[in-house]
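The values are calculated or read from the model by the stated rules, or taken from the named source; none is laboratory data. The structure presented is a predicted model; accordingly, all values stated were derived computationally and were not measured. Backbone-built Cβ (ideal geometry, glycine too); neighbour counts: all protein chains shown. The protein model used for the area step is the full one, side chains on, heavy atoms only, and it has no ligands, DNA or RNA in it. Shrake-Rupley method; radii C 1.70, N 1.55, O 1.52, S 1.80 Å.
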Amino acid sequence: MNVLCTGGAGYVGSACLRRILRFGYDAVAYDNLSTGNRAAVPDGRLIVGDILDRDALERTMRDCRIGAVMHFAALASVPDSIADPGSYWLTNVIGTKNVLDAMIECDVPLILFSSTAATYAFTSDMPLTESSLQDPHVPYGTTKLTAERLIHDYARAYGLGYTFLRYFNASGADPDGTHGEARAAESHLIPLIFGVATGRREKLTVYGGDWPTPDGTCIRDYVHTTDLAAAHQLALETLEPGMGRAYNVGSGSGSSVLEVIGACESVIGRSIPYEVVERRPGDPAVLIASPSKLEQELGWKRRYDRLSTIVETAWAWHRTHPDGYATSRSMAGPLHA
Ligand SMILES: NC(=O)c1ccc[n+]([C@@H]2O[C@H](COP(=O)([O-])OP(=O)(O)OC[C@H]3O[C@@H](n4cnc5c(N)ncnc54)[C@H](O)[C@@H]3O)[C@@H](O)[C@H]2O)c1
């Protein structure tokens with residue numbers, strides 16, 4: 001089957017694209033490279049295009065004889081979505097509608113959608129299950145939940161098959177050190193910590209030290225991109241027209257910001273300077289997902305179930321690619337920044 005990966009040059013999308021190529025699918029990335037990287041996509045597999053360009057989407061689906069879409073393309077920063085909600089509604093909602101309209105026009109019956117923990121109500125009991133209340137607190141979550149509802153409505157009207165994969169904190173890097181997290185404007189904790197370790201940033205900012213958690217910092221659920229990619233592959237293999245499903249992709253447990261800093265410090269062998277500031281709007285104290293449904297129904301099993309190995313793979317990437325895909329250093333020997 002030919003698969004179109006919108007946002008396939010991004011951090012998660014490119015990991016999933018490489019995985020399904022290894023598993024025998026024919027696949028292409030369709031990406032405007034706004035936050036993605038050309039070098040993250042295997043040669044000959046990138047089509048530069050925008051999901052806001054409906055004609056180009058249709059052309060691509062027809063030319064590449066697409067049979068399924070994995071829809072990763074999105075704007076995905078919580079603080080940016082609070083500052084600039086219009087852009088998030090445009091890309092995440094109107095962009096998704098374009099993808100769906102092009103699918104209907106080109107008879108593409110299957111879609112896997114990258115959804116998020118941010119669609120859930122933060123007041124729910126943890127760990128969250130797929131039936132926990134969805135009531136987003138930030139525009140990023142609102143737009144992703146609206147996209148879910150749009151997909152559901154199109155599926156009912158046109159018989160599409162869909163799977164929502166609601167993931168929590170994507171993290172880590174390819175174990176061979178060749179691909180990892182690289183965005184010009186970074187807002188994710190682990191790359192920010194390693195940005196300090198490699199001298200790109202002076203210190204780390206920790207938003208709130210007075211949360212109702214054991215050490216006062218926020219707790220999040222970290223999932224390795226290799227495991228996320230495996231979840232996508234399993235979902236793709238089992239998706240059929242008319243099917244509608246949602247799975248959390250998490251670990252069932254969480255780590256606090258200070259625990260993640262500690263894990264990174266152990267890997268690099270020195271301490272990371274950080275400053276604790278006021279809480280940030282839109283952050284919940286704790287976000288943890290139950291992966292039981294994904295494990296039971298699709299047989300998903302995490303390969304990276306320890307925070308220490310997740311951050312080891314991330315450090316192997318960041319220490320050899322301090323400027324992302326633009327530069328790389330020799331892998332030889334440990335690099336203590
Ligand atoms: N990273 C996480 O922890 C996380 C957690 C939950 C959900 N998600 C979801 O996973 C998906 C991928 O996230 P990511 O972390 O890889 O982000 P990313 O920014 O690395 O990837 C997004 C990709 O989409 C592309 N893109 C953006 N707007 C586009 C447009 N209009 N047309 C075509 N391409 C466009 C970007 O260039 C980029 O390659 C997103 O949908 C995000 O909401 C991510």
Here are some residues: Tyr158, Tyr162. Which one is more than 14 Å from the ligand (Cβ to nearest atom), assigned by TED's automatic domain parsing to the domain that holds Leu110 and open to solvent by less than 30 Å² (accessible area, probe 1.4 Å)?
Tyr162
If I filter the stretch 42-54 for residues that are open to solvent by less than 30 Å² (accessible area, probe 1.4 Å) and over 21 Å from Thr225 (Cβ atoms), do I get at least one hit?
yes
Condition check for Tyr274: open to solvent by 80 Å² or more (accessible area, probe 1.4 Å), touching a strand residue (DSSP E or B) at 6+ places or on another chain (Cβ under 6 Å) and of a type in the set (Phe, Trp, Tyr)
yes
Is it the case that some residue within the stretch 138-150 is within 16 Å of the ligand (Cβ to nearest atom), within 23 Å of Gly324 (Cβ to Cβ) and not acidic (Asp, Glu)?
yes
Of everything in the stretch 116-135, what is open to solvent by less than 30 Å² (accessible area, probe 1.4 Å) and either in contact with an Asp or Glu (Cβ under 7 Å, 6 or more places away or on another chain) or within 16 Å of the ligand (Cβ to nearest atom) (or both)? Give them in sequence order.
Thr116, Ala117, Ala118, Thr119, Tyr120, Ala121, Leu128, Ser132
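Is it the case that Ala76 is within 22 Å of Pro109 (Cα to Cα) and of a type in the set (Gly, Ala, Ser)?
Values: within 22 Å of Pro109 (Cα to Cα): no; of a type in the set (Gly, Ala, Ser): yes.
Taking the combined requirement at face value, the residue does not satisfy it.
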Within the stretch 235-249, is there a residue that is under 16 Å from Ser171 (Cβ atoms), of a type outside the set (Asp, Glu) and either touching a residue at least 24 places away in the same chain (Cβ under 8 Å) or out of contact with any strand residue (DSSP E or B) (no Cβ under 9 Å at 6 or more places or on another chain) (or both)?
yes
Checking the condition crowded, with 18+ Cβ neighbours inside 10 Å, at negative phi and more than 15 Å from the chain's Cα centre (by Cα), which residue from Met70, Met103 passes?
Met103
Considering the stretch 11-45, residues that are within 10 Å of the ligand (Cβ to nearest atom) and in contact with a Lys or Arg (Cβ under 9 Å, 6 or more places away or on another chain), and then whichever is nearest to Val223 (Cα to Cα), we arrive at Tyr11
Of the numbered conditions (1) within 25 Å of Ile111 (Cα to Cα); (2) within 15 Å of the ligand (Cβ to nearest atom); (3) modelled with pLDDT of 95 or more, Cys218 satisfies every one except a single condition; which is it?
(1)
Looking only at residues that are touching a Leu at 6+ places or on another chain (Cβ under 9 Å) and charged (D, E, K, R) in the stretch 20-41, which one is most open to solvent (accessible area, probe 1.4 Å)?
Arg38
